[in-house]
Amino acid sequence: VVTSKVCRGALIVMEGCDRSGKTTQAKLLKKTLDDAGKPTDFMCFPDRSTQIGGIINNYLKCGTELEDHAIHLLFSANRWELLPKIKMTLAKGTNIVIDRYAFSGVVFSAAKEGMSLEWCKKSDTGLPKPDLVLYLDVSEKDVQKRGQFGAERYEKEEFQKRVRANYELLKDDTWRIIDASLSIDKLQEVIKEEALKVINKTKDEKIPELWV
Ligand code: NYM
């Protein structure tokens, strides 16, 4: 009897400062991989569709104030509540492209006064570690050229500078730094290549845990 083993999907995360083009590229990558015969789901954090996501949405739109640690833990809880879905999807061999993950959680919270990077990492410790983090690198100057930041919380130049500096402290060998000033098509080409490599490389590997 020949039993065919299901290979797991890869977990691919898109990170970068606000207005770096992450969402566009993440959605495109889902389609690119589907078209290449590699079934892929798209997710994003915060996922504003859940109850916790609703509180986060209200906070980001400046409708409510929440203590810094409390909102940090809610962002984190929003990832944990979706863990069963992430696990099931990867187990059936479908890849996931996520627009932002725990790294956003840490770099944004730790950009606030009195919040340490180490403390911020704790609540996401043990989540699945992404196989690949695509970091869209956009210079401060280019961000300004891309037009006005929106009206949401955190979308201020000074804050984004600290966010950018914090990202530097989280990078490891699963990260690829991608020059976000490339055209949309060229960027997608580079990203596709990295994604295909990692899907192939990790399909028989156990899913590692983040920050353990
Ligand atoms: N953000 C996002 C956090 O502060 N912590 C988190 O854990 C995550 C996932 O929410 N400015 C911030 C970063 C963004 C904002 O994200 C909303 P988006 O991708 O604009 O919906």
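Which of the residues belonging to the range 4-22 are closer than 17 Å to Asp142 by Cβ and either part of a loop (DSSP other than H, G, I, E, B) or out of contact with any helix residue (DSSP H, G or I) (no Cβ under 9 Å at 6 or more places or on another chain) (or both)?
Across the range 4-22, the qualifying residues are Cys17, Asp18, Arg19, Ser20, Gly21, Lys22.
Going residue by residue through the range 125-132, is there one that turns out to be surrounded by 12 or more Cβ atoms within 10 Å (Cβ to Cβ) and within 20 Å of Ala70 (Cβ to Cβ)?
yes
With Thr125, Thr94 as the choices, which residue is at pLDDT 95 or above, more than 24 Å from Tyr59 (Cβ to Cβ) and of a type in the set (Ser, Thr, Tyr)? Outline the logic, then answer.
Numbers: Thr125 fails: more than 24 Å from Tyr59 (Cβ to Cβ).
One residue alone meets the criteria, Thr94.
Quick check on the range 2-24. Is at least one of its residues surrounded by fewer than 19 Cβ atoms within 10 Å (Cβ to Cβ), modelled with pLDDT of 95 or more, over 19 Å from Glu189 (Cβ atoms) and not basic (Lys, Arg)?
yes
Tally time: how many residues in the range 161-189 are under 16 Å from the mean Cα position of the chain (by Cα) and touching a residue at least 40 places away in the same chain (Cβ under 8 Å)?
So the count comes out to 12.
Quick one: is Ile55 under 23 Å from Gly150 (Cβ atoms) and within 12 Å of the ligand (Cβ to nearest atom)? Break it down stepwise before answering.
Details: under 23 Å from Gly150 (Cβ atoms): yes; within 12 Å of the ligand (Cβ to nearest atom): no.
Taking the combined requirement at face value, the residue does not satisfy it.
Can you pull out the residues in the range 94-122 that are surrounded by 15 or more Cβ atoms within 10 Å (Cβ to Cβ) and either among the polar types (S, T, N, Q) or more than 18 Å from Cys44 (Cβ to Cβ) (or both)?
Within the range 94-122, Thr94, Asn95, Ser104, Ser109, Ala110, Ala111, Lys112, Met115, Cys120, Lys121 meet the criteria.
For the range 133-177: of the residues being in a loop (DSSP other than H, G, I, E, B) and of a type in the set (Val, Ile, Thr), which is nearest to the ligand (Cβ to nearest atom)?
Among them, the one singled out is Val138.
Taking only pairs six or more apart or across chains, which ones have beta-carbon atoms under 6 Å, a first residue in the range 83-104 that is in contact (Cβ under 8 Å) with a residue 40 or more places away in the chain, and a second residue that is within 13 Å of the ligand (Cβ to nearest atom) and in a helix (DSSP H, G or I)?
Val97/Ala26; Asp99/Lys22; Asp99/Thr23; Asp99/Ala26
The values are calculated or read from the model by the stated rules, or taken from the named source; none is laboratory data. From a predicted model like this one, the values you see are computed outputs, not experimental measurements. All Cβ positions, glycine included, derive from the backbone under ideal geometry; neighbour counts span all protein chains shown.
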